[in-house]
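Novice: Take a look at this one; I'll ask things after.
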Amino acid sequence: MLRPNQDAFGRQLDDFFKGRGGGCEIVERDDGFITTGCGPPLYLAPYKKWSQSIKKAIRFVRGRVLDIGCGAGRVALHLQEKGHDVTGIDNSPLSIKICKKRGLKKARAMSITQMGDLPGKFDTIVMFGNNFGLVGSFQRAKRLLKLMYKKTSDNARIIAETADPYRTDIPEHLAYHRRNRSRGRMSGQLRIRIRFNKATTPWFDYLIVSRDELEKIIEGTGWYVNRYIDGPSPSYIMILEKTPGKKP
């Protein structure tokens, strides 16, 4: 888990809740490119302020839910209010503490790689806010999707948001794609860290993929694409279901 001096995302939320400002986190890429995150207003946005794509996708949630990268609990709390049994996980201990303060009954500070330690099986896994990126890389994504297969019921779904890295004309991003490919990495395999005030996360991989790339990733994992939901470009949401008769 992230140590206090590494928990940049959680520190940002904690400062916001304590009235110490509403600043955004800084996202630093390993080529030197720097941008800002979306900030607490988005991470805490109520349902009425969600994008139409997320509102549409949330209708496909059923049964017991695992929210991976739950942050401050925006999605998990909404689903809990709708009567779902929801567990939220995040590698940010401060974010999990805030989730609990906001009323999420089941919230644990843990990495996506530790989901196998959770009890029971889930009917839906949600990964909104581009959180499909937490799979990190092509091979790691395959391993995690196979783990998700084992941790879910026979008729389970994965509802996850990502972004098409190729829908850009920004020279710095196009150069980064070329740099990645020259190193044997996927074009949208970002190497980033998050900063807020004096807190800085370790460097980590965060993967954004096109639809064609996604369908190559899920081959052999036991999942197939049921449908895509277009979001504000370049984002989109995938709804994955288990392939009948095919286990990974």
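Novice: Taking only the stretch 57-75 into account, find how many residues are over 12 Å from the mean Cα position of the chain (by Cα) and of a type outside the set (Val, Ile, Thr).
Specialist: Within the stretch 57-75, the first condition is being over 12 Å from the mean Cα position of the chain (by Cα), and the residues that meet it are 57-65, 72-74.
When the remaining residues are screened for being of a type outside the set (Val, Ile, Thr), the result is 57, 59-60, 62-64, 72-74.
Summing the residues that are over 12 Å from the mean Cα position of the chain (by Cα) and of a type outside the set (Val, Ile, Thr) in the stretch 57-75 gives 9.
Novice: Can you give me the number of residues within the stretch 61-99 that are open to solvent by 40 Å² or more (accessible area, probe 1.4 Å) and more than 23 Å from Asp117 (Cβ to Cβ)?
Specialist: Residues flagged as open to solvent by 40 Å² or more (accessible area, probe 1.4 Å) and more than 23 Å from Asp117 (Cβ to Cβ) within the stretch 61-99 amount to 5.
Novice: Evaluate the following for Ala175: is it surrounded by 19 or more Cβ atoms within 10 Å (Cβ to Cβ) and either of a type in the set (Val, Ile, Thr) or at negative phi (or both)? Write out each step before concluding.
Specialist: Values: surrounded by 19 or more Cβ atoms within 10 Å (Cβ to Cβ): no; either of a type in the set (Val, Ile, Thr) or at negative phi (or both): yes.
When the stated conditions are applied, Ala175 does not pass them.
Novice: Continuing with the same structure: Between a residue in the stretch 96-124 that is touching a residue at least 12 places away in the same chain (Cβ under 8 Å) and any residue that is part of a helix (DSSP H, G or I) and hydroxyl-bearing (Ser, Thr, Tyr), which pairs come within a Cβ distance under 9 Å, given they are 6 or more apart or on different chains?
Specialist: Cβ pairs passing all conditions: Ala107/Ser95; Ala109/Ser95.
Novice: All but one of (1) without any contact (Cβ under 8 Å) to a residue 40 or more places away in the chain; (2) of a type in the set (Asp, Glu); (3) more than 28 Å from Ser153 (Cβ to Cβ) hold for Asp85; which doesn't?
Specialist: The single condition Asp85 does not satisfy is (3).
Novice: Among residues belonging to the stretch 70-121 that are among the polar types (S, T, N, Q) and touching a helix residue (DSSP H, G or I) at 6+ places or on another chain (Cβ under 6 Å), point out the one that is nearest to Pro40 (Cα to Cα). If you could, list the steps in order and put the result at the bottom.
Specialist: Of the stretch 70-121, the ones among the polar types (S, T, N, Q) are 80, 87, 91-92, 95, 111, 113-114.
Pick out the ones that are also touching a helix residue (DSSP H, G or I) at 6+ places or on another chain (Cβ under 6 Å) and you get 92, 95.
Details: Ser92: 15, Ser95: 11 Å.
The qualifying residue nearest to Pro40 (Cα to Cα) is Ser95.
Novice: Among the strands (runs of 3 or more DSSP E) lying completely within the stretch 180-248, list those that include at least 3 residues that are surrounded by 19 or more Cβ atoms within 10 Å (Cβ to Cβ).
Specialist: 189-196, 235-242
Novice: Please specify each residue of the stretch 178-220 satisfying the condition of being over 14 Å from Arg140 (Cα atoms) and polar (S, T, N, Q).
Specialist: Asn180, Ser182, Ser187, Asn197, Thr200, Thr201, Ser210
Novice: Follow-up question, since we're still on this one. Scan the stretch 148-167 for residues that are in a helix (DSSP H, G or I) and either surrounded by 16 or more Cβ atoms within 10 Å (Cβ to Cβ) or free of Cβ contacts under 8 Å to residues at least 24 places away in the same chain (or both) and report the count.
Specialist: The total comes to 2.
Novice: Name the pairs: first residue in the stretch 232-248 and under 16 Å from Asp164 (Cα atoms), second residue in a loop (DSSP other than H, G, I, E, B) and of a type in the set (Gly, Ala, Ser), Cβ to Cβ under 8 Å, at least 6 apart or on different chains?
Specialist: Final answer for the pair search is Pro232/Ser51; Ile237/Gly231.
The values are calculated or read from the model by the stated rules, or taken from the named source; none is laboratory data. Being a predicted model, the structure only gives us computed values, none of them experimental. We place every Cβ from the backbone using ideal geometry, glycine too, and count neighbours over all the protein chains shown. SASA here: full protein model, heavy atoms, side chains in, ligands and nucleic acids out. Shrake-Rupley method; radii C 1.70, N 1.55, O 1.52, S 1.80 Å.
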